[in-house]
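Working notes for the structure below.
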Amino acid sequence: MSALFHRWPKRVAAAVVAAALALAGLATWLLSATASPPTPQAVPSTVYTGPGFDPCWAPDNASMDAWLQSPYRGIGVYLGGLRYAPGCKAQNTANLTKEWVGRQAALGWRFLPLYVGSQAQYKDSQGNYQSDFDTLTTDTAFQLGSSEADDAANLARGLNFPPTSVIYNDMENYDHRYTPLVLAYSQGWTQELHRAGYRSGWYSSSATGIKDQAAAYGPGSPDVVDIANWNNTNTTDDPNVKPSQWANHQRVHQTQGGHQESYGGFTLNIDTDWFDVGQASRATVERLAGFDRDLTAVLASVRTFDCHGCGNAGHDQAKAAVLSRDDTFADALGGSALAAQAGGPLLLTAPQTMNQSSLNELRRILWPGSTVYLLGGTKALSPAVEHAVAAAGFKTQRVAGADRFETAVNIARTVSPHGAPSSVLVATGTDFPDALAAGAAAGALGISAQTPVAGAPAPQPGDVSHNGAVVVLSDGAKLPAASQAYLAGMDPAATKMYGVGGKAVAAVHTAFPSWQNWVTFTPLFGSDRYGTAVAVAQRFSYLPTSVVVASGANWPDALSGGAMAAHRGVPLLLTDPKVLAAATGYYLGGKNNPITTATLVGGTAAISAASASALGDAFSYPGQWDLTTIH
């Protein structure tokens, strides 16, 4: 044809070419007018609750479309890995593309991405047991887990799985002698996935791999477990996993092994699963950074309470307030519990002169005639301070004693004036950390205990509960006379008694030897001030969604922050100013912790940027949290 074409005159050739081009243009237009629209694409998600299945390879589009008639909307897909079944690879490679994933996501499918890496034990093609772990140490097993996590993360990115997706390691059944190596491998896997911005999943048999993970449960554990237990029950409960472990929508249950099912004329060989995997919300680290301690306390109040008579969402109406001196903690240690139960903030001022910012905040949040509690005698807060508060239109009530111990007892009597409190937390008054952690917990306990009493007068703004919770102070490892006399009037069978910190526990044991641990008295302590604050949090705050964090090296921010924490009903944690305290990081990194917000009380001198960054990474994932600073 080309030879004939060249023998034609130029005019004919030009005409033919023109005609051909016109026909080509018409064909292109007709095709574009009649072609199917582009296939919808969506970002894949690993969040899903309901039935699902996992086949050996990704089914083709026709099968997936037909299986929209099934009850399943979750599907396991194999990313790859050293020990991924050779017989499934070719078909999986042909089907599993980012376009396939995006198409299925747009149709409503949710995913369980699996990576079959090195195995502690597997059978070769002849049916003989082999192991990829025989030559490993715990160090090299950790490194192997980290390396294979990198590979899995790269494969997931190639399929457009976004950050915070869960990527599951498929560790098949193995002999118990490999347990230490498997755990080291899984820790490397989890740590590296977190570094890459993904969540860590772990598939294994309930009786081996999952049982081992449950026994070693802690911050280094996988974020989600996929439990192989073929009992055909659509629940994620398992006898080898405690209810408190992976409890925040962090489980998948493989309910049945390989079998065939058909929908829409297409038959697949599948395992079936029950998913309960929740969303990893983007977290927030909020810093309240006043110019000084007094202004930081004001910011804690501003963040919590609305202007009086206003109705701004997310803020409460204050009923009262507590005022304490800003140069020492002696009289203030029970103040956060009082502030929370009175329904207001704890503010600070200089002993001799009323701080203008604190006074302005009182005017902003309180109606005229509201009560302002002054902690300590006239040396702690001078008559001039009291006069300034009264002149602003508020009723003052001074709570004082001969020393810090008697002041704490009188604060307790103010909290619970008509009878025994519901709970007493004893902490040392010779230092501040234990008492402030106790004060935040007591405030939250007291709020929950504020129940109406039949026949009692209607509560008025600023009233505190007759059945509140209080803090009483020890003098190190002994009880001073005021504290011992107050406690002697308690019935430990009716009022719950707690010792916060080792010194307070020793003081109570010495003064009241008949109070038995875990029967009439509960000791709460850690190896240091940070561990003690965590022990208090673990006792009184079950799965909090937020926390308040203050420096464990200085008291003012923890005092005002404790009142805010108590009002919110969340724990007060402490950290070293320069580095995140180990105990605090361990608590925040709990696998079933639903914490999405941490409020830091104090500027970078109180809690450094490095400590704040480590804190965000502890309860979220690297790069998956935002820092907000309020000045």
For Ser358: the one exception among (1) touching a Phe, Trp or Tyr at 6+ places or on another chain (Cβ under 7 Å); (2) crowded, with 24+ Cβ neighbours inside 10 Å; (3) within 18 Å of Cys307 (Cβ to Cβ): (1)
Count of region 415-432 residues which are crowded, with 19+ Cβ neighbours inside 10 Å and under 25 Å from Trp367 (Cβ atoms): 2
Wholly within region 1-116, helices (runs of 4 or more DSSP H) carrying at least 1 residues that are at pLDDT 95 or above, out of contact with any Gly (no Cβ under 8 Å at 6 or more places or on another chain) and in the same structural domain as Leu155 (by TED's automatic domain parsing): 61-66, 86-95, 98-106
Filter result for Ala507 (in a loop (DSSP other than H, G, I, E, B), within 20 Å of Ala442 (Cα to Cα) and at pLDDT 90 or above): no
Residues satisfying the stated conditions in region 480-496, i.e. hydroxyl-bearing (Ser, Thr, Tyr) and under 15 Å from Pro417 (Cα atoms): Tyr486, Thr495
Single unsatisfied condition, Ala384 versus (1) among the small types (Gly, Ala, Ser); (2) surrounded by fewer than 16 Cβ atoms within 10 Å (Cβ to Cβ); (3) under 39 Å from the mean Cα position of the chain (by Cα): (3)
Of the criteria (1) over 34 Å from the mean Cα position of the chain (by Cα); (2) assigned to a loop (DSSP other than H, G, I, E, B); (3) without any contact (Cβ under 8 Å) to a residue 24 or more places away in the chain, which one Asp491 fails: (3)
Criterion violated by Gly258 - all others in (1) farther than 19 Å from Gly590 by Cβ; (2) touching a residue at least 40 places away in the same chain (Cβ under 8 Å) satisfied: (2)
Tabulated pairs, region 144-155, first in contact (Cβ under 8 Å) with a residue 40 or more places away in the chain, second of a type in the set (S, T, N, Q), C-beta under 7 angstrom, 6+ apart or interchain: Leu144/Ser118; Gly145/Ser186; Gly145/Gln187; Ser146/Gln191; Glu148/Ser118
Test: Gly603 is closer than 25 Å to Ala196 by Cα, out of contact with any Ser or Thr (no Cβ under 6 Å at 6 or more places or on another chain) and of a type outside the set (Phe, Trp, Tyr): no
Only one of Leu348, Leu268, Leu288 that is assigned by TED's automatic domain parsing to the domain that holds Asp557 and out of contact with any Asp or Glu (no Cβ under 6 Å at 6 or more places or on another chain): Leu288
Selection count where residues are part of a loop (DSSP other than H, G, I, E, B) and more than 27 Å from Gly585 (Cβ to Cβ), scope region 510-552: 8
Filtered residues of region 318-353 (kept if under 14 Å from Glu386 (Cβ atoms) and surrounded by fewer than 21 Cβ atoms within 10 Å (Cβ to Cβ)): Ala350, Pro351, Gln352, Thr353
Region 569-622: number of residues that are assigned to a helix (DSSP H, G or I), of a type in the set (Phe, Trp, Tyr) and under 14 Å from Val285 (Cα atoms): 1
Leading residue by the ranking (modelled with the lowest pLDDT) among those in region 128-144 that are of a type outside the set (Gly, Ala, Ser) and assigned to a loop (DSSP other than H, G, I, E, B): Asn128
Hey, Thr396 of a type in the set (Ser, Thr, Tyr) and buried (at least 22 other Cβ atoms within 10 Å of the Cβ) or not: no
From Ser125, Ser165, Ser147, Ser186, residue being over 23 Å from His249 (Cα atoms) and either touching a helix residue (DSSP H, G or I) at 6+ places or on another chain (Cβ under 7 Å) or modelled with pLDDT under 95 (or both): Ser125
Residue that is farthest from the chain's Cα centre (by Cα), among those in region 225-251 that are modelled with pLDDT of 95 or more and hydrophobic (A, V, I, L, M, F, W, C): Trp230
Qualifying residues in region 233-255 (those that are part of a loop (DSSP other than H, G, I, E, B), in contact with a strand residue (DSSP E or B) (Cβ under 6 Å, 6 or more places away or on another chain) and in contact (Cβ under 8 Å) with a residue 40 or more places away in the chain) - the one surrounded by the most Cβ atoms within 10 Å (Cβ to Cβ): Trp246
Verdict on Pro571 being at pLDDT 95 or above, closer than 23 Å to Ser474 by Cβ and either surrounded by fewer than 17 Cβ atoms within 10 Å (Cβ to Cβ) or not assigned by TED's automatic domain parsing to the domain that holds Ala435 (or both): no
Selection within region 300-312 - surrounded by fewer than 22 Cβ atoms within 10 Å (Cβ to Cβ) and part of a helix (DSSP H, G or I): Val302, Arg303, Thr304
Residue within region 609-623 that is surrounded by fewer than 20 Cβ atoms within 10 Å (Cβ to Cβ), within 25 Å of Arg539 (Cβ to Cβ) and at pLDDT 95 or above present: no
Residue match in region 168-185 (condition: crowded, with 22+ Cβ neighbours inside 10 Å, in contact with a Gly (Cβ under 9 Å, 6 or more places away or on another chain) and assigned to a loop (DSSP other than H, G, I, E, B)): yes
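The values are calculated or read from the model by the stated rules, or taken from the named source; none is laboratory data. Since this is a predicted model, take the numbers as computed values, not measurements. Using ideal geometry, Cβ is built from the backbone for each residue, glycine included, and neighbour counts are taken over all protein chains shown.
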